[in-house]
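The values are calculated or read from the model by the stated rules, or taken from the named source; none is laboratory data. On a predicted model such as this, the values are computed, not experimentally measured, just so you know. Cβ atoms come from the backbone with ideal geometry, glycine included; neighbour counts cover every protein chain shown.
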Amino acid sequence: MYPIKRNRRLRANQYIRNLVKENNISANDLIYPLFIIDGKGIKEEIPSMRDYYTISLDILKKEVKLLWKIGIQAVLLFPKINESLKDNKGSEAINKDGLVQRAIMTIKESVPSMIVITDIALDPYSSYGHDGIVKNGEILNDETVEILQKMALSHAISGADIVAPSDMMDGRIKKIRLTLESKNYHNTSIMSYSAKFASNYYGPFRDALGSKPNFGDKKSYQIDFHNSKQAIDQALRDIDEGADIIMIKPGIAYLDIVKELSLKVNTPIASYQVSGEYSMIKESALKGIIEYEQTIYEQLIAFKRAGCKLIVTYFAKEFLQKIKI
Ligand code: PBG
């Protein structure tokens with residue numbers, strides 16, 4: 001009680017603040033997303049994600065060397081697939097010579113120790129822009145999971161260290177785990193997008209991949225943002241089914257879920273600061289509304305404070321290159 005307890009004592013100067021600082025962030029916490037495309041010498045800015053690029057594999061080769069040098073140890077791949085290769089079943093997703101499969105090999109050749117994480121969902125490959133097979137306007141669950149199992153295996157064969165199902169079909173974690181085990185990919189981990197909400201923050205990402213759904217929305221599979229119990233339930237189920245890491249997505253607006261889970265489970269939790277969050281910070285900083293670097297730092301710390309071990313963030317590279325903490 002005041003004046004016995006004066007909270008300002010421990011805020012008096014930088015050094016005492018350092019001593020009582022509860023959370024820190026380092027390269028060990030960060031996963032960097034990469035958008036890839038077929039072709040040569042391509043480095044295309046994503047219109048709704050200023051300073052973020054879609055790159056071809058020759059550029060990727062150099063990019064991962066640079067990322068490794070600045071301390072990034074994990075990348076997450078997203079392919080921009082040529083429209084002519086898209087169909088309802090996402091057949092291109094399981095092509096052993098597909099873009100992602102070649103990208104994994106390219107990264108492993110260039111930086112063998114880089115942890116390669118791949119997104120498992122059909123949307124970049126779907127002629128409908130949906131995460132699963134469409135029939136009569138519905139997204140089929142079990143038929144989609146069968147393809148996702150093959151997709152995850154194909155990525156593991158190509159050398160992926162972690163597969164990350166982001167489709168939100170039911171039962172996919174168990175099926176993927178069993179498939180990987182049965183083919184002796186015991187050490188391929190699964191990072192499940194357990195609690196992926198049907199969010200308005202994914203717009204720029206869908207622009208980047210040309211994967212906007214061409215009918216309806218994703219609310220029949222992604223979680224309704226009014227709910228937290230469903231998210232917790234889903235994460236617990238994914239852990240039961242064999243997820244090694246669970247992810248909550250989007251980021252800042254969903255830290256309540258992270259906090260609750262971090263008090264309940266011992267599985268590492270990741271969060272994804274998504275494309276809309278990136279562009280909101282980028283654009284408002286450019287207008288001089290907020291201070292760019294310190295706002296990024298503050299948000300990244302917020303993830304850690306809530307209980308995230310890992311953060312997928314488009315700021316990872318800039319953060320490590322530019323931001324003094
Ligand atoms: C695809 C997927 C999406 C994102 C990651 N994986 C988009 C979606 O579900 O429509 C979004 C990431 C971002 O916005 O940065 N299943």
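State which residue is surrounded by the most Cβ atoms within 10 Å (Cβ to Cβ) when the search covers only region 218-241 and only residues that are part of a loop (DSSP other than H, G, I, E, B) and more than 8 Å from the ligand (Cβ to nearest atom). Within region 218-241, the match that is surrounded by the most Cβ atoms within 10 Å (Cβ to Cβ) is Y221.
Scanning region 81-98 for residues that are outside any loop (DSSP other than H, G, I, E, B) and in contact with a helix residue (DSSP H, G or I) (Cβ under 8 Å, 6 or more places away or on another chain) returns L85, D87, S91, E92, A93, I94.
Restricting attention to region 6-44, the residues that are surrounded by 11 or more Cβ atoms within 10 Å (Cβ to Cβ) and under 22 Å from V100 (Cα atoms) add up to 13.
For region 132-141, filtered to residues that are outside any loop (DSSP other than H, G, I, E, B) and of a type outside the set (A, V, I, L, M, F, W, C), the residue that is nearest to the ligand (Cβ to nearest atom) is E138. Within region 150-178, the set of residues being surrounded by 19 or more Cβ atoms within 10 Å (Cβ to Cβ), within 16 Å of the ligand (Cβ to nearest atom) and outside any strand (DSSP E or B) comprises M151, A152, H155, A160, S166, D167, M168, M169, R172, I173, I176. Scanning region 179-217 for residues that are near the ligand (Cβ under 10 Å from one of its atoms), hydroxyl-bearing (S, T, Y), modelled with pLDDT of 95 or more and assigned to a loop (DSSP other than H, G, I, E, B) yields one hit, S199. In region 109-131, the qualifying residues are those that are within 21 Å of Q149 (Cα to Cα) and assigned to a loop (DSSP other than H, G, I, E, B), and the one that is farthest from the ligand (Cβ to nearest atom) is S127.
Against the definition (under 13 Å from the mean Cα position of the chain (by Cα) and not in a loop (DSSP other than H, G, I, E, B)), how does A270 come out, yes or no? So A270 passes the test.
Is it true that some residue in region 247-256 is more than 15 Å from the ligand (Cβ to nearest atom) and crowded, with 17+ Cβ neighbours inside 10 Å? Yes; the residues of region 247-256 include at least one that is more than 15 Å from the ligand (Cβ to nearest atom) and crowded, with 17+ Cβ neighbours inside 10 Å.
Is it fair to say T144 is more than 14 Å from the ligand (Cβ to nearest atom), in contact with a strand residue (DSSP E or B) (Cβ under 9 Å, 6 or more places away or on another chain), among the polar types (S, T, N, Q) and more than 26 Å from T54 (Cα to Cα)? Can you show your working first?
Numbers: more than 14 Å from the ligand (Cβ to nearest atom): no; in contact with a strand residue (DSSP E or B) (Cβ under 9 Å, 6 or more places away or on another chain): yes; among the polar types (S, T, N, Q): yes; more than 26 Å from T54 (Cα to Cα): yes.
For T144, the condition - more than 14 Å from the ligand (Cβ to nearest atom), in contact with a strand residue (DSSP E or B) (Cβ under 9 Å, 6 or more places away or on another chain), among the polar types (S, T, N, Q) and more than 26 Å from T54 (Cα to Cα) - is not met.
Mind checking whether some residue in region 140-152 is in contact with an Asp or Glu (Cβ under 7 Å, 6 or more places away or on another chain), at negative phi, among the β-branched types (V, I, T) and touching a residue at least 24 places away in the same chain (Cβ under 8 Å)? Yes: region 140-152 contains one or more residues that are in contact with an Asp or Glu (Cβ under 7 Å, 6 or more places away or on another chain), at negative phi, among the β-branched types (V, I, T) and touching a residue at least 24 places away in the same chain (Cβ under 8 Å).
Would you mind finding the one in S279, S275, S271, S262 that is within 16 Å of the ligand (Cβ to nearest atom) and under 19 Å from I232 (Cβ atoms)?
On the way: S279 fails: under 19 Å from I232 (Cβ atoms); S275 fails: under 19 Å from I232 (Cβ atoms); S262 fails: within 16 Å of the ligand (Cβ to nearest atom).
It is S271.
For region 179-211, a tally of residues being touching a residue at least 60 places away in the same chain (Cβ under 8 Å) and either closer than 23 Å to V134 by Cβ or out of contact with any Gly (no Cβ under 8 Å at 6 or more places or on another chain) (or both) returns 14. Looking only at residues of region 41-80 that are of a type in the set (K, R) and in a strand (DSSP E or B), we find that the one that is farthest from the chain's Cα centre (by Cα) is K43.
So for region 38-48 (the condition being in contact with a strand residue (DSSP E or B) (Cβ under 6 Å, 6 or more places away or on another chain), within 16 Å of the ligand (Cβ to nearest atom), touching a residue at least 12 places away in the same chain (Cβ under 8 Å) and not charged (D, E, K, R)), does at least one residue qualify? Yes, some residue in region 38-48 is in contact with a strand residue (DSSP E or B) (Cβ under 6 Å, 6 or more places away or on another chain), within 16 Å of the ligand (Cβ to nearest atom), touching a residue at least 12 places away in the same chain (Cβ under 8 Å) and not charged (D, E, K, R).
Of all positions in region 291-313, at least one carries a residue that is within 15 Å of the ligand (Cβ to nearest atom), in a helix (DSSP H, G or I) and modelled with pLDDT of 95 or more. Check region 112-124 and report whether any residue there is more than 21 Å from the chain's Cα centre (by Cα) and in contact (Cβ under 8 Å) with a residue 12 or more places away in the chain. No, region 112-124 has no match at all. Taking first residues from region 277-289 that are more than 16 Å from T313 (Cβ to Cβ) and partners that are more than 16 Å from the ligand (Cβ to nearest atom) and not in a helix (DSSP H, G or I), the Cβ contacts under 8 Å between residues at least 6 apart in sequence or on separate chains come to S284/I290.
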